[in-house]
Amino acid sequence: MTRIIAISNQKGGVGKTSTALNLGACLAEKGKKVLMLDLDPQAHLSIKEDIWLEGIDGLAFIKGEKELKSNGRDFNLIHSDLSLSSFESEFSNKLGRDQYLQRAIRKSEEEISKYDFVLIDTPPNLGVLTTNALTACNEVVIPVQTLEFAKQGLEIFLAMFKSVEEILNPNIKSWNVLCTMVDFRRKQDKEILEELKNEHKGHIFNTFIRTNSKVAESPRAQTDVLSYAKNRAEDYINLAEEVLKNDKN
Ligand SMILES: Nc1ncnc2c1ncn2[C@@H]1O[C@H](COP(=O)(O)OP(=O)(O)OP(=O)(O)O)[C@@H](O)[C@H]1O
Ligand SMILES: [Mg+2]
């Protein structure tokens, strides 16, 4: 069964897109078939143009206007652009507004089932694109920085996520916090990491992503850290291994 993972947190700049991009690349490197979906109108994930699926974009896909078509490659991306923000304005008051992506995925079920993973990058808000991702997925990864405001923001996300799980998506098999941009030169990072591990036992990755200049630089080269600096991709390689080990199917 395809593992559909939403990468989500309403807090901005916590590493959602970097997680999608680099986890996707590491899973693909391990021979998995990976489809990424850019569900953020900022379209940062779409920077990796070399893996765009042709003839489709995020807005057309979520609206059910276009179905997936195979291109024979194993690592693909449904790209987006700013026009995806029109979904938020046009569909926010429509009946079934949270279930468009779920329906689109079902409509393309045959194509989707060829992938081992679908990774969905979401915007930094709790709007209708985020609720669509959380309704369509069966797993959630929640990137959180080891900073006090980020830790507080996580509680806001979890409260919303739990009501989506209860009302809209009983099929969620797992959710896990991922600590990102951890910097042990700051004393608080170790403390906050330990606090998060205690507070979310069973729902936090053992792997954490350290601050890494190559991760920050790779988007400028329109790629992921594995392609940009393989010897600095260790944390994401470990994350991919942990994700593979956590298979609940
Ligand atoms: N491990 C890391 N080390 C250093 N910089 C990082 C790391 N991870 C992400 N960054 C940088 O931090 C910034 C924010 O990361 P990213 O865009 O992935 O976050 P985001 O949660 O997707 O943001 P948004 O909420 O705006 O969508 C980017 O400039 C990114 O390159
Ligand atoms: Mg992002």
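If you take every residue apart from Arg73 with its C-beta less than 15 Å away from the C-beta of Arg73, what net charge results, scoring Lys and Arg +1 and Asp and Glu -1?
Charge balance near Arg73 sits at -2.
Under the rule a/c < 1.5 gives rounded, and otherwise a/b versus b/c splits prolate from oblate, where does region 141-185 land using the Cα gyration tensor? It would help to have the intermediate numbers written out before the result.
Numbers: a/c = 5.66, a/b = 2.10, b/c = 2.70.
Oblate shape, in that a/c is at least 1.5 and b/c is the bigger or equal ratio.
What the phi angles of region 200-215 give under the Karplus curve with 6.51, -1.76 and 1.60, with θ = phi - 60°, is a coupling list of 10, 3, x, 10, 9, 5, 5, 5, 10, 9, 7, 4, 8, 4, 5, 5 Hz, glycine and proline written as x.
Normalised by the number of residues in region 58-145, what is the relative contact order in percent for Cα pairs under 8 Å and 6+ residues apart? With pairs under 8 Å counted, the relative contact order is 34 percent. For the chain, the 222 nm mean residue ellipticity estimated from helices alone, with every DSSP H stretch of n ≥ 4 adding -39500 (n - 2.57) and the total spread over all residues, rounds to -11500 deg cm²/dmol.
What relative contact order, as a whole-number percentage, does region 116-245 give when Cα pairs under 8 Å and 6 or more residues apart are counted? Walk me through the intermediate numbers first.
Numbers: 139 pairs, mean separation 26.9, N = 130.
About 21 percent, as a whole number.
If we sort 37-50, 5-18, 181-194 on the protection proxy, mean other Cβ atoms within 10 Å, highest first, what's the order? Don't skip to the end; give the middle numbers.
Values: 37-50: 20.9, 5-18: 23.9, 181-194: 14.2.
Ranked from most to least packed, the peptides come out as 5-18, 37-50, 181-194.
Close amide H partners of Asp183, meaning residues 5 or more places away or on another chain with modelled amide H under 5 Å apart, are Thr211.
Rg/Rh for the chain (Cα atoms only, Rh after Kirkwood) is 0.94. In whole Hz, with x marking every Gly and Pro, tabulate ³J(HN,Hα) for region 163-171 from phi via Karplus 6.51 cos²θ - 1.76 cosθ + 1.60, θ = phi - 60°. After applying 6.51 cos²θ - 1.76 cosθ + 1.60, I find 6, 5, 4, 6, 8, 10, 9, x, 8 Hz.
Taken as Cα centroids, region 76-97 and region 183-233 sit 30 Å apart, rounded to the nearest whole angstrom. Please say if region 116-171 is rounded, prolate or oblate, where rounded means a/c under 1.5 for a ≥ b ≥ c the square roots of the C-alpha gyration tensor eigenvalues, and otherwise the choice is prolate for a/b larger than b/c and oblate otherwise? Prolate.
For the chain, what relative contact order do you get, as a whole percent, if you take Cα pairs closer than 8 Å and at least 6 residues apart?
Details: 472 pairs, mean separation 64.6, N = 249.
The value is 26 percent.
Annotation: peptides 222-231, 141-150, 118-127, 66-75, ranked by per-residue average of other Cβ atoms within 10 Å with the highest first, follow the order 118-127, 141-150, 222-231, 66-75.
FYI, it's all coordinate maths here, none of it is from the lab. All values derive from a computational prediction rather than experimental measurement. Cβ sites come from the backbone with ideal geometry, for glycine too, and all protein chains shown count toward neighbours.
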